[in-house]
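This report concerns only the one structure given below.
Rule-based calculations on the coordinates, nothing more; no lab input. Keep in mind that what you see is a predicted model, and the values were worked out from it rather than measured. Virtual Cβ from ideal backbone geometry, glycine too; neighbours counted across all protein chains shown.
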Amino acid sequence: MTTTVRPRRAAPTPVQRGQTRASGFALLLTIVSIMWLVEIINSLDNGGLDGDGLYARNFDRLWGILTFPFIHASFTHLLDNTIPFLFLGAFIALRGAARLGFITAFVIVVGGLGTWLISPAFPPTVGASGVVFGYAAYLLARGFFDRRLWELVVGGIVAVIWGAALISSLVPHSNISWQAHLCGGIAGILAAWILSTRDRRARRGWRARKPPAAQTAL
């Protein structure tokens, strides 16, 4: 029986790695730009978009799961989220737009569903802090799941700089959605597990492949 083995995937060139990173940073800046544009519109509308946030267990406004991370109560609120969003998102963006897009969407949807389930019915939840927590949890958990030096270093940096702030934000405070923080963090851990499992399988598959050639088995 004759079988053909697929060629081993070539390592990306420096140019390809640069393009991957550039696409990731472009998407990250696009997401932040949308947040700022929404807040500008919201400010001009005297906070009219605040009502498009997440209303817990309200099926008529379930779509708020997708909109609430882009709406903020003020420019101060937005700035407080923008700084860690860019800092943490930049580490993820190094792996490209596809990875950043998947993690962002996963955290918004899965973390948003959790927030929708356990938050108070009123007032509505707004803000990107749940996504920030998702990014942080992803970076922390990725090193644990993957056990690769670079991932562990990134996780350590996140823990040193943001660890205390992240833990304190899980403590209930007035007008702060610890529910969004918690659910976003859980979603980030799940995303890290899903992607690390996929990446490990891919690496094992590449190592198992033999050089491209037609092999004959009798």
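By the count of neighbouring beta-carbon atoms within 10 Å, fewest first, R57, R21 end up ordered R57, R21. The 3J(HN,Hα) values that the Karplus relation (6.51, -1.76, 1.60; θ = phi - 60°) gives for segment 76-86 are, in residue order, 5, 4, 5, 5, 4, 8, 5, 4, x, 4, 5 Hz. Gly and Pro appear as x.
Mind checking the log10 I(q)/I(0) for the chain at q = 0.11 Å⁻¹? Debye, one equal scatterer per Cα, no solvent, two decimals. Those come out to -0.59, one per q.
Inter-label distance, L29 to R201: 3.6 nm, where each label sits 7 Å from its Cα along the C-beta direction. Take every pair of alpha-carbon atoms less than 8 Å apart whose residues are at least six positions apart; their mean separation over the length of segment 2-216 yields a relative contact order of 29 percent. Note on R57 and L113: their simple-model spin labels are 1.8 nm apart, each label 7 Å out from Cα toward Cβ.
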